[in-house]
Every structure is written in structure tokens, then in C-alpha cells.
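**Q** Right, I'll just put the structure down here and ask away after.
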Amino acid sequence: MTLNRNKLYSIIFIGCLAGYIWLYYVATQSQTDPSVEACFIKHTLNIPCPSCGSTRSIISLTKGHFTEALLINPLGYLITIILLVSPLWMVYDIITKRKTLFEFYEKMEYYLRKPVYAIPLIFIVIINWIWNITKEL
Amino acid sequence: MEAQKVDMFIMTNAKFFESHHINSIRERLIVLDDSKWPMISTLQLKDPTTSLIISILAGSLGIDRFMIGDTGLGVGKLLTCGGFGIWAIIDWFMIQEATREKNMQKLQQFLY
């Protein structure tokens, strides 16, 4: 599976669609329902994964509780940005028949492979994970 | 290149590539210049079995995708708990093929 523009855009489209459906589903559910959990790791191991709590983080962001969102999981901010920006960027690319998002994605991939950026980011994710476990999300 | 060398390469590395690629690799290697042999014979290829094991154990964190070099998709998997667990399961079946494709891409730099 060699990644090209259309493949990447369909993956992003499916991801964003699933994300929005999931957010809508969770937001309309009652808050105390314990069965609303997507995480595979948390179900099987009972340990939260690095991105556990991002749904709660995004939902509190939509309600305007910015510090609460940061305290639940800072990754919520990153996911919100991706969810908001990538569909618009994709539509812009499709209308103008360009592939700026794909080029941006490839550039980011190139930088993320460099140890200078990769190692600190891995540490940040691990620290966030430890924080998640101590918070007992 | 000599057919003997090429066949040896194919025999030892067949598991790293898709079966439909092997014939074209062989044809391409035979017409290739001998000076490229040291580079091709020492090429570091990723084992599909290893990536399958990693996918089963740590697929929800996207580590399998990071390993084969799909950093962007790896980040996507990491941020979404392995695509709500669904993508992680799909990748149990996709990752071997993806690894072989990556190996093919790696080899292609030397073939053409």
C-alpha cells in the first residue's frame, strides 16, 4: 500500500467522520454511562493508554473549559486542531486540485523521523502516559 | 548480474517481498550492473513477522506503523487509541503486506 494523495485523504476523511460521529454519540449520551469506552487497552488491561481521556478533553473544550481540558489530557487540543483543520484543508485541496496537505504530511513525516524531534516527542508521550495512569482516567 | 547471484538473493529474501513482485525483481536484477551488488546484498529489510508481532502487542499505540516507517499513520493510530481499536485489528492483517511494500520501495531505489 503505497500512500498517495487520494489514499491519505480517504484515510483522513474516514478518521474525521468516525471522530465526529463518536463525539456526537458521546455528547448525546448520559455522562455517567460506563459502557461508553472506546479504548481497547483500557478494556483489557485496565490501564489508560496515552490518548485515553481525549474524548472528555474535547467535550470540555467545546463547553469552553480550557484548563479542565488541559488537565484531562493535553492531546485533546492536538486532536481538536486536526479535526478542525484537516477537513477544511482537504476541501480546499480538492477544489483547487492541489496536494498541499499531502506535501505537508510528508514533510511532517520526514521531520518526525529525525531523532532530534522524535526522541523528545516520545518522552512527552510517555510522560503524558504516566500522568494518565496516576490520574486514573 | 549473474543468474546465480540473483537466484541466491531471491531465495534468501523472498519472504521480505510480495510474491507478485519477485519475478520483476529477478528480471530487473539480471540486467543490473554488477557494481550495485554490494549495496543490494547488504540492504536492511524489515521482517514482516516481526512487524506482525509488534502489531499484535503494541498496535494500539501505533508502534508497528512507526517501525515500518509510516510515521504519520503511526501518530494517527497513537492519538486515536489505535483508531478506536478497529484500525489496530485491521492492521493485524494489513501490516505484513505493508511491510513487504515498504521493503519493495527500499529496494526500488537501487533497481531503477
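**Q** Among the residues of segment A:39-91, which ones are touching an Asp or Glu at 6+ places or on another chain (Cβ under 7 Å) and open to solvent by 30 Å² or more (accessible area, probe 1.4 Å)?
**A** The initial filter retains those residues of segment A:39-91 that are touching an Asp or Glu at 6+ places or on another chain (Cβ under 7 Å), namely A:43, A:60.
A:His43 - this is the single residue of segment A:39-91 that is touching an Asp or Glu at 6+ places or on another chain (Cβ under 7 Å) and open to solvent by 30 Å² or more (accessible area, probe 1.4 Å).
**Q** Which residue, of B:Ala98, B:Ala88, is over 26 Å from A:Leu78 (Cα atoms), part of a helix (DSSP H, G or I), under 19 Å from the mean Cα position of the chain (by Cα) and within 9 Å of chain A (Cβ to nearest Cβ)?
**A** Values: B:Ala88 fails: over 26 Å from A:Leu78 (Cα atoms).
The unique qualifying residue is B:Ala98.
**Q** Look through segment A:92-106, keep the residues that are part of a helix (DSSP H, G or I) and open to solvent by 80 Å² or more (accessible area, probe 1.4 Å), and return whichever of them is nearest to the other protein chains (Cβ to nearest Cβ).
**A** A:Glu106
**Q** Which of the residues belonging to segment A:13-40 are hydrophobic (A, V, I, L, M, F, W, C), at pLDDT 75 or above and over 13 Å from A:Arg56 (Cβ atoms)?
**A** A:Phe13, A:Ile14, A:Cys16, A:Leu17, A:Ala18, A:Ile21
**Q** For segment A:1-22, how many residues meet the condition of being open to solvent by less than 60 Å² (accessible area, probe 1.4 Å), assigned to a helix (DSSP H, G or I), over 17 Å from B:Gly85 (Cβ atoms) and within 12 Å of chain B (Cβ to nearest Cβ)?
**A** 3
The values are calculated or read from the model by the stated rules, or taken from the named source; none is laboratory data. The structure displayed is predicted, hence computed values, not measured ones. Every residue, glycine as well, gets a Cβ built from its backbone with ideal geometry; the counts of neighbours run over all protein chains shown. Heads up: the accessible areas ignore ligands, DNA and RNA and are worked out on the full protein's heavy atoms, side chains in. Shrake-Rupley method; radii C 1.70, N 1.55, O 1.52, S 1.80 Å.
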